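The values are calculated or read from the model by the stated rules, or taken from the named source; none is laboratory data. Keep in mind it's a predicted model, so treat the numbers as computed, not measured. Every residue, glycine as well, gets a Cβ built from its backbone with ideal geometry; the counts of neighbours run over all protein chains shown. These accessible areas exclude ligands, DNA and RNA; they are computed on the full protein's heavy atoms, side chains included. Shrake-Rupley method; radii C 1.70, N 1.55, O 1.52, S 1.80 Å.
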Amino acid sequence: MSQELRAVDWTGTGLTLIDQTLLPHRAETVDVRDVDTLVDAIQRLVVRGAPAIGAAGAYGVALALLEGEREGWSETQVRQAVARIREARPTAVNLMVCVDRVMARFAEGLDAVLAEAAAVQREDVEANRAMGAFGADWLLKRTGEDRPLRILTHCNTGALATAGWGTALGVIRELHARGRLEVVHADETRPLLQGSRLTAWELVQEGIPHCVQADAAAAGTILRGDIDAAVVGADRIAANGDTANKVGTVGVALACAYAGIPFLVAAPTTTVDLATPTGDDIHIELRGEDEVLEWAGVRTAPAGSRGHNPAFDVTPGRLVTGLVTERGVLEVSAGQLPGDLLR
Ligand code: MRU
């Protein structure tokens with residue numbers, strides 16, 4: 001089912017987003033007709049995942065043009081509205097890259113903007129399909145296993161987090177399609193437990209065997225020998241291979257390095273940011289304290305506690321065994337750098 005799933009869709013007059021705050025219990029969509037609603041949807045994680053927010057941002061340029069027409073905005077006001085979309089979340093570079101790509105056609109008008117946004121969406125699905133195949137080939141070769149693999153994943157990287165098919169989850173889906181997947185251990189992941197709510201939901205739709213585990217179970221599961229490889233997505237990959245992804249990812253990478261199993265990052269080249277030299281230069285989004293001090297609106301920590309809520313962390317490139325993009329696999333910990341792929 002999730003093959004056809006579109007987290008972000010253009011209706012002709014606006015955007016339809018699957019409301020990812022309501023899944024898995026309610027599958028509802030939100031209609032977005034103005035820039036304020038889109039910025040709010042990106043910030044509240046109604047739409048989330050680096051490529052999905054990239055696609056939403058791309059169509060957001062069209063939304064700004066249409067709203068500007070309705071409201072009689074000047075070109076400067078439309079550009080300011082687009083800038084607000086571009087800055088709605090800071091860590092995933094895809095949002096900025098996709099908005100800038102579409103803005104390059106701004107002067108040509110709405111039809112050109114929409115054509116570019118549709119290309120962003122289409123190319124992301126194609127990239128995901130390609131990286132799924134490259135990633136599965138690499139994992140099977142690298143692990144050298146004849147039996148189906150036991151894969152750990154962290155965060156949400158399927159069709160909901162992209163324009164379709166998925167990045168890390170695309171690799172997992174490909175392994176499953178080849179009959180080479182035993183089980184997926186899906187970390188529950190914060191903020192808002194997207195691994196348990198969204199990744200698991202997609203795995204159920206696909207009939208892929210899996211279990212949900214607390215993030216804190218990941219290292220022990222890996223060191224006990226229950227996992228053959230970890231596959232995760234990325235929000236921004238610096239020129240030296242340092243990789244920002246969902247908070248908790250670096251712990252998974254450390255455990256994989258200790259256990260000597262592959263740690264594979266799956267991301268389209270739109271996530272590679274050669275203008276960012278290292279992970280230290282990546283802006284890590286700090287979210288509201290309540291997301292860790294409360295659950296479902298109910299306070300779980302004592303009234304006197306403060307919260308610390310980074311949404312992402314950075315895995316050093318030397319812990320990234322493989323980086324798979326739509327162009328193939330780079331062995332980053334062995335010295336290959338993202339720039340090698342883009343040349
Ligand atoms: O906060 P989110 O849900 O937008 O973060 C998503 C992640 O960190 C994903 O792992 C990442 O975007 C990979 S994208 C398919």
**OP:** Give the Debye-formula value of log10 I(q)/I(0) at each listed q (0.08, 0.15 Å⁻¹), with one equal scatterer per alpha carbon of the chain, two decimals each.
**Re:** -0.35, -1.23
**OP:** List the residues whose amide H sits under 5 Å from the amide H of Asp19, counting only those 5 or more places along or on another chain, with H placed 1.01 Å from N in the peptide plane.
**Re:** Glu28, Thr29, Val30
**OP:** Treat each spin label as a single point 7 Å out from the Cα along the C-beta direction, and report the Thr13 to Arg327 distance in nm.
**Re:** 4.2 nm
Subject >> Computed P(r) (all Cα pairs; the range 8-123; 10 Å bins; percent) >> reply: 15, 52, 29, 4, 0
Subject >> Of Glu285, Glu108, Glu331, the one that fluctuates the most in a GNM where the chain has Cα springs shorter than 10 Å >> reply: Glu108
Original post:
For Arg147 and Gln205 in one chain, what is 0.36 nm times their gap in residues minus the Cα-Cα distance, to one decimal in nm?
Top reply: 18.5 nm
Subject >> Segment Ala115-Asp100, length gained on full extension (0.36 nm per residue, minus Cα span) >> reply: 4.0 nm
**OP:** Just flag the trypsin sites (Lys or Arg not before Pro) in the range 158-237 sitting in loop per DSSP whose Cβ has no more than 11 other Cβ atoms within 10 Å.
**Re:** Arg224
Subject >> With Cα atoms, 0 to 90° folded angle of helix 75-86 axis to the chain main axis >> reply: 20 degrees
**OP:** Measure off, as a whole percent, the carbon and sulfur share of the 1.4 Å-probe accessible area of the chain, all protein chains present.
**Re:** 50 percent
Original post:
Please state the relative contact order of the range 8-123 as a whole percent: Cα pairs under 8 Å, 6+ residues apart?
Top reply: 25 percent
Subject >> Residue-wise HN-Hα coupling along the range 297-304, computed from phi with Karplus coefficients 6.51, -1.76, 1.60 (Hz; x: Gly, Pro) >> reply: x, 10, 5, 10, 9, x, 4, x
Original post:
Which residues' amide hydrogens lie under 5 Å from the amide hydrogen of Asp242, considering only partners 5 or more residues apart or on another chain, with H built in the peptide plane?
Top reply: Gly279, Gly317
**OP:** Would you mind getting the accessible area per residue of the chain, heavy atoms of the protein chains only, 1.4 Å probe, in Å²?
**Re:** 40 Å²
Subject >> Space enclosed by the convex hull of the alpha-carbon atoms of the range 181-256, per residue, Å³ >> reply: 98 Å³
**OP:** For Arg122 paired with Glu291, estimate the spin-label separation in nm (one decimal), with each label point 7 Å from Cα along the Cα-to-Cβ line.
**Re:** 3.4 nm
**OP:** Using only Cα atoms, find the angle between the long axis of helix 110-143 and the longest principal axis of the chain, and express it within 0 to 90 degrees, rounded to the nearest 10.
**Re:** 0 degrees
Original post:
Can you list the trypsin sites (Lys or Arg not before Pro) in the range 3-100 that are in a DSSP coil and have 11 or fewer other beta carbons within 10 angstrom?
Top reply: Arg26
Original post:
Is it possible to state the helix-based mean residue ellipticity at 222 nm for the chain, with each DSSP H run of 4+ residues giving -39500 (n - 2.57), the sum divided by total residues, to the nearest 500 deg cm²/dmol? What is it?
Top reply: -12000 deg cm²/dmol
Subject >> Beta bridges by DSSP in the chain, antiparallel share as percent, to the nearest 5 >> reply: 45 percent
**OP:** Note down the relative contact order for the chain as a percent, whole number, built from C-alpha pairs under 8 angstrom at least six residues apart.
**Re:** 17 percent
Subject >> Backbone HN-Hα couplings from phi across the range 168-174 [Karplus 6.51/-1.76/1.60, Hz, Gly and Pro as x] >> reply: 4, 5, x, 5, 5, 4, 5
**OP:** Enter the Cα centre distance for the pair the range 147-224 and the range 1-68, rounded to the nearest angstrom.
**Re:** 23 Å
Subject >> Net lengthening on full extension, Leu223/Asp137 (0.36 nm per residue, minus Cα-Cα) >> reply: 28.5 nm
**OP:** Please sort 292-304, 54-66 by packing, taking for each peptide the average over its residues of neighbouring beta carbons within 10 angstrom, highest first.
**Re:** 54-66, 292-304
Original post:
Gln43 to Thr76: FRET efficiency via 1/(1 + (r/R0)^6), r the Cβ-Cβ distance, R0 25 Å, to the nearest 0.05?
Top reply: 0.60
